[in-house]
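A.B. asks: Sending over a structure as structure tokens; questions will come in a sec.
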Amino acid sequence: MKVLVLNGVNLNMLGKRETELYGSETLNDLETRLTSLNKDVDLEFFQSNSEEDIINKIHSHKEEKYDFGIFNFGAHTHTNIAIRDAILSVKLPFYEVHISNVYAREEFRHVSFFSDIAEGSIVGFGFDGYEFALLKILRNKNGS
Ligand code: DQA
């Protein structure tokens, strides 16, 4: 089983950026956490600040045949129809994750172009949200 963990714009800055909102752990720490949680599935990590690279990575599902995605598109969540269309074009099932509670923040963050096409959304649980998403994927895989 293959899972794509995709982090979008500005998430390479985790640990340095607005730590009161996003915490002091880095993207590397996140990858270590998810890798140590999971022994069963093949995890692929991808982060980019480029819309084009994100879209191409999603399109690569046609060849890579991911079983599931765990996606945090950062600010693109609230604005980006092209990334939404990319997911729809390759039919890749995914969970949407946000580290911060976007609903307790500015109103423009209350809109997501992805929630209605996600299998589920996990919001406001910090890095644990990615772990919850992965645990759910593992549970689904094991039929429990
Ligand atoms: C975020 C929330 C977005 O509103 C913001 O632009 C981010 C991070 C989160 O994980 O909380 O970059 O996706």
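A.B. asks: Hey, with R₀ at 25 Å, roughly what FRET efficiency would Asp67 and Asp29 work out to, going by the Cβ-Cβ distance, to 0.05?
C.D. replies: 0.50
A.B. asks: Would you mind listing how long the chain runs along its three principal axes, going by Cα atoms, in whole Å with the largest first?
C.D. replies: Reported extents, whole Å, longest axis first: 36, 32, 25.
A.B. asks: Within 10 Å of each residue's Cβ, count the other Cβ atoms and sort Val3, Val41 from fewest upward. Provide the component values of the computation, followed by the final result.
C.D. replies: On the way: Val3 24, Val41 16.
Ascending number of Cβ neighbours within 10 Å: Val41, Val3.
A.B. asks: So which of Lys16/Lys65; Lys91/Lys136; Lys65/Lys136; Lys39/Lys141; Lys39/Lys91 end up more than 23 Å apart by C-alpha?
C.D. replies: Details: Lys16/Lys65 34 Å; Lys91/Lys136 19 Å; Lys65/Lys136 19 Å; Lys39/Lys141 13 Å; Lys39/Lys91 26 Å.
Pairs exceeding 23 Å: Lys16/Lys65; Lys39/Lys91.
A.B. asks: Next up: With a sphere of radius 15 Å drawn around the Cβ of Gly124, what net charge do the other residues whose Cβ falls strictly inside it have (Lys, Arg +1; Asp, Glu -1)?
C.D. replies: Details: positive: Arg105, Arg109; negative: Glu18, Glu20, Glu96, Glu106, Asp128, Glu131.
Neighbour charge sum, excluding Gly124 itself: -4.
A.B. asks: Ok, one more. Could you tell me the relative contact order of the chain? Use alpha-carbon pairs under 8 Å, at least six residues apart, and round to a whole percent. Intermediate results must be reported in sequence, preceding the final value.
C.D. replies: Numbers: 223 pairs, mean separation 38.0, N = 144.
Over the chain, the number comes to 26 percent.
A.B. asks: Next question. Starting with the fewest neighbours, write out Leu34, Leu43 ranked by other beta-carbon atoms found within 10 Å of each beta-carbon. Please report the intermediate quantities before stating the final value.
C.D. replies: Details: Leu34 20, Leu43 17.
So the residues, fewest neighbours to most, are Leu43, Leu34.
A.B. asks: Let me ask something else about it. Could you work out the local net charge near Glu25, counting Lys and Arg as +1, Asp and Glu as -1, over the other residues with Cβ closer than 15 Å to its Cβ?
C.D. replies: -3
A.B. asks: Next question. How far is it, in nm, from the label point at Met1 to the one at Arg139 when both lie 7 Å from their Cα along the line to the Cβ?
C.D. replies: 1.2 nm
A.B. asks: Among Ile58, Ile117, which comes first, second and so on when ranked by fewest other beta-carbon atoms within 10 Å? Walk me through the intermediate numbers first.
C.D. replies: Details: Ile58 25, Ile117 15.
Exposure proxy ranking, most exposed first: Ile117, Ile58.
Quick note: the coordinates plus some simple rules give every number you see, no bench work behind them. Computed from a predicted structure; not experimentally measured. Positions of Cβ are generated from backbone atoms using ideal geometry, with glycine treated the same way; all protein chains shown enter the neighbour counts.
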